[in-house]
2 protein chains.
Amino acid sequence: MAYTIGVDYGSNSVRSIVVRCCDGVELGVSVYAYPSGEAGILLDKNDHNLARQHPGDYLEGIRRTVREAVLLATKADQSFSADRVVGIGVDSTGSSPIPVDANNMALALKPEWRGNWDAECWLWKDHTSFKEAARITALCAEHRPEYIAKCGNQYSSEWFWAKIWHCLNVAPEVFDNAYSWVEFCDWIPSVLSGVRDPHAVKRGICAAGHKALYSNDWGGLPDEEFLAMLDPKLAALRGRLYDQAYDASEPAGFLSGEWSDALGLPMGIPIAIGAFDVHYGSIGSGIEEGVFVKVIGTSTCDCGVVKSDTNLADIPGVCGVVDGSILPGYFGIEAGQSAVGDIFAWFVKSVCRGDDALHAELTEEANRMKPGESGLLALDWNNGNRTVLVDPLLTGALIGQTLHTSQAEIYRALIEATAFGARMIMERIESHGVPIERLVCTGGIAEKNPMLMQIYADVCGREIRISQSEQTCALGSAIVAAVLASSEKGGFDDFEGAQAAMSHLKEKAYAPIPENQEIYESLFSLYRKIHDSFGGVEVSDLGRVMKDLLSLKEKVRMNSLELV
Amino acid sequence: MAYTIGVDYGSNSVRSIVVRCCDGVELGVSVYAYPSGEAGILLDKNDHNLARQHPGDYLEGIRRTVREAVLLATKADQSFSADRVVGIGVDSTGSSPIPVDANNMALALKPEWRGNWDAECWLWKDHTSFKEAARITALCAEHRPEYIAKCGNQYSSEWFWAKIWHCLNVAPEVFDNAYSWVEFCDWIPSVLSGVRDPHAVKRGICAAGHKALYSNDWGGLPDEEFLAMLDPKLAALRGRLYDQAYDASEPAGFLSGEWSDALGLPMGIPIAIGAFDVHYGSIGSGIEEGVFVKVIGTSTCDCGVVKSDTNLADIPGVCGVVDGSILPGYFGIEAGQSAVGDIFAWFVKSVCRGDDALHAELTEEANRMKPGESGLLALDWNNGNRTVLVDPLLTGALIGQTLHTSQAEIYRALIEATAFGARMIMERIESHGVPIERLVCTGGIAEKNPMLMQIYADVCGREIRISQSEQTCALGSAIVAAVLASSEKGGFDDFEGAQAAMSHLKEKAYAPIPENQEIYESLFSLYRKIHDSFGGVEVSDLGRVMKDLLSLKEKVRMNSLELV
């Protein structure tokens, strides 16, 4: 029997699982909530764009969770023992770059930088660099259109270069003292492997290709001439970053003695190349051509794959199309919505001042409603729009309130808005040559909210299945580790085999309900109208939007009455 | 010493006051909450458009409140006694038509109609007849454009003919048994005068001109040919309505023996012609040329006057321009917003599930905010738009929410939305030749919410004063009664003199704050954009609305930081 460990760094906590390679059974799960800041995030109440994290939490987290997961596995499976662990895979949020010194030490771990938040990890959801992102977009459009053609023609404030440039602009002392910058998902494997030199950190193609404008088409990272247009110091940094990025067929390194002791695992076992949570999560959800994986949590990340030899056009507004970023030999396509669960949580907590009990109550009430009967329509942009408009400066909207509109109606309208947003993404991707036959969803909300899943099926018009694992990201990391370990050590020789054995779906399938689909077609056409109007895509006539919503409302209510 | 009594029928209660003619001092105030339905209104949870009221509540209400007000006045002023009351004035909500039999008895008071809500008073806010209203608008546009040119080119579902026609369509048995229909404000004076014949009911020009398409220009009510296009039964009804309507220079009648006994007042004293609450309220607020009176409560009613010899163009989208409807010798101009306080109440009660304490808390919090700092913008159409779009099929909108938007920010945005709506109305009226030099506000919200008044002053760019009386409608009715009584009986010979003596303003003046005005100019231009887009006025580019809100937010927050 062979086992691998998957370590998944989320936005608020890290979890580690021990997985049995032969069947994917998860024997031990351990979660550690980052102790710093608010729910693990350093937030500034005067600047809502700021979000940082403390790398020390990451190291303490992996130490504790791997040890505990191993302990639990030992209790759960008599054939398990720590020396049967044949590999570790790590995924994390991103783009979350960490400034490091010449020894690959995170600046934030050094006493002299304590309390300086610009020296911490710049969490994915930090949007302080929106001006830099806009400038990068403009410069690319003028000088290097190819750079952003594959990432939606918009560079995001969530991404690598914008964040580093913003650091240079607002905290030059941090920038000047950072020998290099390493993505969170690359940094953890490098630390586990005992890498003390930033040049030796093996970077994953996932973060590099999707967030750092890396491509073999132009020889790696953006060229110095281009970076010098941003700032000569960024051009100078290029040489201290990396020339080559790797897909999941290559290990990031092997477990060092120090970390073998810390984790209680065999020294020298392979450590998978780091990738973003969702990319490995899609592997844990059984991604293949024709399957679109949605990880639905506070925000949504969507992944698709299509064979590398496909003649794929650039997909406007889609965050990235990168060869090998998910499965080796396939283009990985990443898209997403900047806020999903976060919107519902905002509504319940900030607007209704409610708690989990109210979530449950509103879900139950909203579940009894029919599509269209509230007359409401919302835009899901409370945290900007990541795909397909790629615009952090968009905000939410709610249309159609009357004096009788209830909390639960608004709650449902917000859920529907996220479903419409999801459909916009799917339509864009599919129209550019990526087949989507069915959806596999995973993540906290997909697990726990059947109402939401049914709405998504009705709005998107496709069957939806849910991953069996509650930890698909960690599971995906464990699967990658199992492939790296190879069949010789009890792992697998390819991803197909590893996924077939280790990733599973729940039996329940959400099929679209035809009468709901029909109403949602009408609502979606109205959604598209306000989406395109407020999104600046086109000037359209909104003069009938409210009336159309009211007609639909009346129609639905009349039908309901007839059925009674 | 002479005294008059003003009786004001609101949406949920009736209040009567005894007023001393020489100085307008209010000696006794008595309020009676209508006992029927929810807060006095018969509501149907399956049809949010329906709102009816029981006329029996009106009669019981006037009996109780006049007697109590007289009792209180006796205690308050030694020179007062009931026989010194020289007149009564009555105002009510409207258009609220009541079906009556051939004896001027409300059908709803007859046992055989008990429980039939279509036989009750059709309260102003009943919108069940929206389809009939749209049809009347269309027919007028085609055949009698002059009919609706003076009421905004749109006939409203709140008005006389739409309601009666709807009754004919949905409850023909009620229609067929109604000998005539009498406006609430006309019916009460007719009852007090002992009028037993609907033909003898003296109708006020206010309700007739603003809501029933009555004008001397075309010989009174709409002609039979036109009414027959609606329904031949409406053409037949015309002869059982009225040929002549009167302004406030004419009494509706004189107190009958029966009602002299019931109220304990001298028989034969004059009863003023009935008018809508706000019209008499504007008299109670000292309306004159250049003064725009806003009664701010659950909804808003706005009144302006301009001399009858002014060459006044029709004002598109304004509910009515009627000669003599407020002050004899002046055009009365009526406008309004379908929901103001109702929107705040909806938000606090239905969305936040809060109470008066939350209102107070949000007011305090919102008061600390600066214009523009929330990045929010709302449309005040939760109950449709009465002026200037005259469209009940419009609904609310909230734009600009982020994950950090708070309850108080939304609360303030809703208040601002009503202020922008108020400004739209003023701009429309002023641009058509009605001067507006300053605002006088009255009504519950104007009294109690200094934050709101300051926002209105800042948004509208004009000084605002508040009526001293808390009962301006009842006071206005008492003023009209004092003019009817004439100086001979201790009253007045003209409105100017009566208003000068009897109506007063509070000392506090709300002056626009220049820096707020500047921000609100920007916000108002964005409001106008979404107003015109969703209102179907013009197709405009909304692609920058959210970004402009965010820029404004950033600017305001930066300025605030600089000031710290």
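If the requirement is being over 23 Å from A:ASP8 (Cβ atoms), among the β-branched types (Val, Ile, Thr) and in the same structural domain as A:ARG240 (by TED's automatic domain parsing), which of these qualifies: A:THR93, A:THR74, A:THR128, A:THR65? Result: A:THR128 is the single residue among A:THR93, A:THR74, A:THR128, A:THR65 that is over 23 Å from A:ASP8 (Cβ atoms), among the β-branched types (Val, Ile, Thr) and in the same structural domain as A:ARG240 (by TED's automatic domain parsing). The number of residues in the stretch A:439-472 being under 23 Å from A:ASP494 (Cα atoms) and open to solvent by 20 Å² or more (accessible area, probe 1.4 Å) comes to 2. A single member of B:ALA397, B:ALA417 is small (Gly, Ala, Ser) and either free of Cβ contacts under 8 Å to residues at least 40 places away in the same chain or more than 10 Å from chain A (Cβ to nearest Cβ) (or both), and it is B:ALA417.
Select from the stretch B:400-414 the residues that are within 15 Å of B:PHE344 (Cα to Cα) and of a type outside the set (Val, Ile, Thr) and write down the one among them that is farthest from the other protein chains (Cβ to nearest Cβ). Among those that are within 15 Å of B:PHE344 (Cα to Cα) and of a type outside the set (Val, Ile, Thr), it is B:ARG412. Could you check, for the stretch A:292-304, whether at least one of its residues is over 30 Å from A:TRP381 (Cα atoms), part of a loop (DSSP other than H, G, I, E, B) and either small (Gly, Ala, Ser) or in contact with a Gly (Cβ under 8 Å, 6 or more places away or on another chain) (or both)? No - not one qualifying residue is present in the stretch A:292-304. Taken as a whole, the stretch B:286-295 holds at least one residue that is of a type in the set (Gly, Ala, Ser), surrounded by fewer than 21 Cβ atoms within 10 Å (Cβ to Cβ) and touching a residue at least 40 places away in the same chain (Cβ under 8 Å).
Within the stretch A:400-413, being part of a loop (DSSP other than H, G, I, E, B) and either open to solvent by 10 Å² or more (accessible area, probe 1.4 Å) or touching a residue at least 40 places away in the same chain (Cβ under 8 Å) (or both) holds for A:THR402, A:LEU403, A:HIS404, A:SER406. Taking the numbered list (1) more than 20 Å from A:ALA481 (Cα to Cα); (2) not in a loop (DSSP other than H, G, I, E, B) in turn, A:VAL90 passes all entries but (1). Do the conditions hold for B:GLU373, that is, is it over 17 Å from the mean Cα position of the chain (by Cα), acidic (Asp, Glu), more than 9 Å from every other protein chain (Cβ to nearest Cβ) and not in a helix (DSSP H, G or I)? Yes, satisfied. Of everything listed in (1) under 25 Å from A:ALA498 (Cα atoms); (2) free of Cβ contacts under 8 Å to residues at least 12 places away in the same chain, the single unmet condition for A:GLU38 is (1).
Selection of the stretch B:313-356 for residues being free of Cβ contacts under 8 Å to residues at least 24 places away in the same chain and assigned to a loop (DSSP other than H, G, I, E, B) yields B:GLY329, B:ARG353, B:GLY354, B:ASP355.
Residues of the stretch B:67-94 that are buried (at least 24 other Cβ atoms within 10 Å of the Cβ), closer than 22 Å to B:MET267 by Cβ and either touching a Phe, Trp or Tyr at 6+ places or on another chain (Cβ under 6 Å) or free of Cβ contacts under 8 Å to residues at least 60 places away in the same chain (or both): B:ALA73, B:VAL85. Among the conditions (1) assigned to a loop (DSSP other than H, G, I, E, B); (2) more than 24 Å from B:SER486 (Cβ to Cβ); (3) open to solvent by 10 Å² or more (accessible area, probe 1.4 Å), B:PRO222 misses just one, which is (3). In summary, A:GLU288 fulfils each of the numbered conditions (1) charged (D, E, K, R); (2) modelled with pLDDT of 95 or more; (3) over 26 Å from A:PHE175 (Cβ atoms); (4) assigned by TED's automatic domain parsing to the domain that holds A:ALA82 with the single exception of condition (4). Scanning the stretch A:134-160 for residues that are touching an Asp or Glu at 6+ places or on another chain (Cβ under 8 Å) and crowded, with 22+ Cβ neighbours inside 10 Å returns A:LYS150, A:GLN154, A:SER157, A:GLU158, A:PHE160.
Suppose the filter is of a type outside the set (Asp, Glu) and closer than 29 Å to A:HIS210 by Cβ; does A:VAL100 pass it? It is true that A:VAL100 is of a type outside the set (Asp, Glu) and closer than 29 Å to A:HIS210 by Cβ.
With respect to (1) more than 14 Å from every other protein chain (Cβ to nearest Cβ); (2) open to solvent by 10 Å² or more (accessible area, probe 1.4 Å), the lone exception for B:GLU361 is condition (1). If you check A:LYS202, A:LYS233 for being in the same structural domain as A:ALA178 (by TED's automatic domain parsing), buried (at least 19 other Cβ atoms within 10 Å of the Cβ) and farther than 23 Å from A:GLN154 by Cβ, only one passes: A:LYS202.
Give the stretch A:109-127 a look and list any residue that's part of a loop (DSSP other than H, G, I, E, B), out of contact with any Ser or Thr (no Cβ under 7 Å at 6 or more places or on another chain) and open to solvent by less than 20 Å² (accessible area, probe 1.4 Å), or say none. Result: A:GLU120, A:ASP126. For A:VAL318, are the conditions met, namely being open to solvent by less than 20 Å² (accessible area, probe 1.4 Å) and within 17 Å of A:GLU430 (Cβ to Cβ)? Here the answer is yes, as A:VAL318 does meet what is asked. For the stretch A:43-58, the tally of residues that are buried (at least 19 other Cβ atoms within 10 Å of the Cβ) and away from chain B (no Cβ under 14 Å) stands at 6. Of all the numbered requirements in (1) within 14 Å of chain B (Cβ to nearest Cβ); (2) touching a residue at least 60 places away in the same chain (Cβ under 8 Å), A:VAL459 misses one, and that requirement is (1). When A:SER533, A:SER477 are checked against the criterion of being in contact with a Leu (Cβ under 6 Å, 6 or more places away or on another chain), in a helix (DSSP H, G or I) and surrounded by 16 or more Cβ atoms within 10 Å (Cβ to Cβ), A:SER533 stands alone in meeting it. Checked against (1) at positive phi; (2) in contact with a Leu (Cβ under 7 Å, 6 or more places away or on another chain), A:MET267 passes all but a single condition, namely (1).
Residue-level analysis places B:VAL545 outside the set of residues that are within 14 Å of chain A (Cβ to nearest Cβ), touching a His at 6+ places or on another chain (Cβ under 8 Å) and either closer than 23 Å to B:LEU393 by Cα or buried (at least 18 other Cβ atoms within 10 Å of the Cβ) (or both). Regarding the stretch B:302-309, can at least one residue be identified that is within 14 Å of the chain's Cα centre (by Cα), of a type in the set (Lys, Arg) and outside the structural domain of B:TYR214 (by TED's automatic domain parsing)? No, the stretch B:302-309 has no match at all.
Here A:ALA357 qualifies as over 17 Å from A:HIS432 (Cα atoms) and of a type in the set (Gly, Ala, Ser). You will find that of A:VAL348, A:VAL340, A:VAL390, the residue that is open to solvent by 10 Å² or more (accessible area, probe 1.4 Å) and among the β-branched types (Val, Ile, Thr) is A:VAL390 and no other.
The values are calculated or read from the model by the stated rules, or taken from the named source; none is laboratory data. Quick caveat, the model's predicted, so the values are computed rather than measured. Every residue, glycine among them, receives a Cβ derived from its backbone with ideal geometry; neighbour counts consider all protein chains shown. For the accessible areas, the whole protein counts, side chains as well, though only heavy atoms, and no ligand, DNA or RNA atoms are used. Shrake-Rupley method; radii C 1.70, N 1.55, O 1.52, S 1.80 Å.
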